[in-house]
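Below: the structure, in structure tokens.
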Amino acid sequence: MQIVVTIAEVLEPITNLDGAAFMRAWTDIAKCHYALWTRGVRHWDPSISNLMVNKQRDGAYTGVLSDWDLDPVEGSGVPERTGTLPFMAQDLLRHVGDMERLYRHDLESLVWTLPWAILRYQSGKLVDNPPIAHWVTDRTCYDCGAHKVVFLDGLDTAFEGIETWSEEVAIAIYMLLDLDLASAARRDRLLKAIPDFRLRQRNPACWRRMSASLELSAQEVYEGFWETLRGLAEKYEELLYVIGLLPRDSIPSSLVVC
């Protein structure tokens, strides 16, 4: 007789964490997701309920992306709008007709988990009357996409009153600005929402860059994503810890933290 014992990790929701601990787990997930993408493994739904953490013996948390059952193999086919509405890429929510699923669509889903966690959770607890709840109750992808456009337009006031995420708000805002593709004037207005006004003068790297004639590769998108984070760490002293989260081959020697 053969006895098979399956040992499962004990996972907790990533929303149990906030601040730097959350960002460490969140960037773990970004790295693992990309590593699997380059090997032909797809997820299609990096939503907040699929972002988990595993507590290590030293008390630190490692990020885990769960629920890989939608379409794990490249080329096996997946409906273009597969995913969880509040976190789906705007292209997928608003586009009519066929559209190729790209790496940046999954990465955009991961970015949308930032405002969700920051606005709805404080110290690991769901806040009373949490904002943006209507994203869940929207009946169609078009309704949800429209609500997210309104959210981006009001980004300068969206994070007012946040207490336990003060430094990480800057990360969320820059990442969301890269989704907006707004005019320069509107972009400058929205940058005023960042707590440290020293950041207003910097033009962040845009990992979401694209045009009708040029679509960035998965590698270019991934590298731009980390460039945005590195630029914030260089400018914002309270986010210096982010340097330690970067993939080692993307850290300039002058910024390596021993």
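The values are calculated or read from the model by the stated rules, or taken from the named source; none is laboratory data. Since the structure is predicted, the reported quantities are computational estimates derived from the model, not experimental observations. Neighbour counts run over all protein chains shown; Cβ positions are idealised from the backbone, glycine included.
Quick look at the values:
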item: Residue that is nearest to residue 45 (Cα to Cα) [pool: residues in segment 89-98 that are modelled with pLDDT of 75 or more and aliphatic (A, V, I, L, M)]; result: 89
item: Close pairs from segment 46-63: first over 14 Å from residue 28 (Cβ atoms), partner buried (at least 20 other Cβ atoms within 10 Å of the Cβ) and of a type in the set (Phe, Trp, Tyr), Cβ under 6 Å, at least 6 apart; result: 47/87; 48/116
item: Selection within segment 26-54 - in contact with a helix residue (DSSP H, G or I) (Cβ under 6 Å, 6 or more places away or on another chain) and over 26 Å from residue 92 (Cα atoms); result: 53
item: Complete set of residues in segment 122-154 that are of a type in the set (D, E, K, R) and either at pLDDT 85 or above or not in a loop (DSSP other than H, G, I, E, B) (or both); result: 125, 128, 143, 148, 153
item: Residue 5 at pLDDT below 90 and closer than 23 Å to residue 152 by Cα; result: no
item: Positions within segment 29-45 being closer than 19 Å to residue 244 by Cα and without any contact (Cβ under 8 Å) to a residue 60 or more places away in the chain, in sequence order; result: 32, 35
item: Conditions (1) over 17 Å from the mean Cα position of the chain (by Cα); (2) in a helix (DSSP H, G or I); (3) within 22 Å of residue 119 (Cβ to Cβ); (4) at pLDDT below 80: number failed by residue 163; result: (2)
item: Failed item in (1) modelled with pLDDT of 85 or more; (2) in a loop (DSSP other than H, G, I, E, B); (3) in contact with a Cys (Cβ under 9 Å, 6 or more places away or on another chain), with residue 43 passing the rest; result: (3)
item: Residue 86 vs. criteria at pLDDT 90 or above and under 30 Å from residue 149 (Cβ atoms); result: yes
